[in-house]
1. Is one or more of the residues making up segment 33-44 polar (S, T, N, Q), outside any strand (DSSP E or B) and closer than 28 Å to Ala193 by Cβ?
2. What's the total number of residues in segment 220-229 that are under 19 Å from Gly61 (Cα atoms) and either open to solvent by 20 Å² or more (accessible area, probe 1.4 Å) or at pLDDT below 95 (or both)?
3. Given the condition more than 18 Å from the chain's Cα centre (by Cα) and open to solvent by 30 Å² or more (accessible area, probe 1.4 Å), answer yes or no: does some residue in segment 35-43 qualify?
4. Show the residue pairs that are 6+ apart or on different chains and have beta-carbon atoms under 8 Å apart, the first residue being within segment 235-247 and closer than 18 Å to Asp218 by Cβ, the second being of a type in the set (Phe, Trp, Tyr).
5. I'd like the residue in segment 46-61 that is in contact (Cβ under 8 Å) with a residue 60 or more places away in the chain and of a type in the set (A, V, I, L, M, F, W, C) and, out of all such residues, is nearest to Ala128 (Cα to Cα).
6. How many of the residues in segment 156-177 are open to solvent by less than 30 Å² (accessible area, probe 1.4 Å) and without any contact (Cβ under 8 Å) to a residue 12 or more places away in the chain?
7. I need the full set of residues from segment 101-132 which are within 23 Å of Thr45 (Cβ to Cβ) and assigned to a helix (DSSP H, G or I), in order please.
8. If you go through segment 139-155, how many residues are touching a residue at least 60 places away in the same chain (Cβ under 8 Å) and more than 16 Å from Gln118 (Cα to Cα)?
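The values are calculated or read from the model by the stated rules, or taken from the named source; none is laboratory data. Keep in mind it's a predicted model, so treat the numbers as computed, not measured. Because the Cβ atoms are built from the backbone with ideal geometry, glycine has one as well, and the counts that use them run over all protein chains shown. Accessible surface is based on the protein model in full, side chains and every heavy atom, while ligands, DNA and RNA are left aside. Shrake-Rupley method; radii C 1.70, N 1.55, O 1.52, S 1.80 Å.
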Amino acid sequence: MKRIDLNCDMGESFGVWNMGQDAQVMPWISSANIACGMHAGDPATMQRTVALAVQHGVAIGAHVSLPDLQGFGRRAMAISAADLHALVLYQLGALAGFAHAAGGRLRHVKAHGALYHQTACDAVLAQAFTRAVRDFDAQLAVVAQSGSALLDAAQTLHLRGLREAFADRGYDNDGKLLARGTPGALLETAQAAAQAVMIAAHDAVVEHHGARLTLTADTLCLHGDRDDAAMLAQAVRGALTAAGIDVQAAAS
């Protein structure tokens, strides 16, 4: 039986500002990437989201970011390797505390937004990121796109790397995600469900212009900041199950 992990970015509310449908999404996924207070999330939100993950048997991951609440972590930032190392350690420690208190533990770590893209192409930042993961807990898996410098850095430090693909985002002909705001960058529910099955079952994706690309993934991402996040998660999980694909956490 084919197997895939289904992850979602979660815990992205902050104070009185509400983002996402975490309680409705959690039953349909196998891994949760939980914001650690830098791009979104606050202590109470982190605590609630971790508790939901433990309740549903969902693997807990730290969704670490550049310190950018105003820009939701999607603005590139000049940061030194030393500062990034400390920033990642800080966020891992915060979320691990909540996981421990809830009777769970961290299983994986994934960069968010601009940091995801900066560590994909900047080897120095990728090395700083993975050193922080190793220094905190060498058993944590590192989630990144295939071809990312972050996966290369993880391999160098003998950390487990998980190749990520995106169920709900469109791809360009170079295998990279279409930029947000580009037509086709955000897929509708039915498109996302079909793309999830194609990636999980056939190691392939149809890019924006119609060509079929090879794309192998260990984990599929859904974005929890969509208005239809719960419907999307249910549809994708249902399509995977109907196709005979087992959904399990890759870093459990």
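1. The initial filter retains those residues of segment 33-44 that are polar (S, T, N, Q), namely 33.
Subsequent filtering for residues that are outside any strand (DSSP E or B) retains none.
No - not one qualifying residue is present in segment 33-44.
2. In the first step, residues of segment 220-229 are kept if they are under 19 Å from Gly61 (Cα atoms); the result is 220-225, 229.
Cutting the leftovers down to either open to solvent by 20 Å² or more (accessible area, probe 1.4 Å) or at pLDDT below 95 (or both) gives us 222-225, 229.
Matching residues across segment 220-229 total 5.
3. Within segment 35-43 (the criterion being more than 18 Å from the chain's Cα centre (by Cα) and open to solvent by 30 Å² or more (accessible area, probe 1.4 Å)), the answer is yes, since at least one residue qualifies.
4. These pairs meet every condition: Val236/Trp28; Arg237/Trp28.
5. Here is the first cut: in segment 46-61, the ones in contact (Cβ under 8 Å) with a residue 60 or more places away in the chain are 58-59, 61.
Applying the additional criterion that residues be of a type in the set (A, V, I, L, M, F, W, C) yields 58-59.
Working: Val58: 28, Ala59: 24 Å.
Looking at the filtered set, the residue picked out is Ala59.
6. 0
7. The initial filter retains those residues of segment 101-132 that are within 23 Å of Thr45 (Cβ to Cβ), namely 101-116, 132.
The answer is Ala101, Gly113, Ala114, Leu115, Tyr116, Ala132.
8. From segment 139-155, those touching a residue at least 60 places away in the same chain (Cβ under 8 Å) are 140-141, 143, 146; that's our starting set.
Those still in the list that are more than 16 Å from Gln118 (Cα to Cα) too: 140-141.
Qualifying residue count, segment 139-155: 2.
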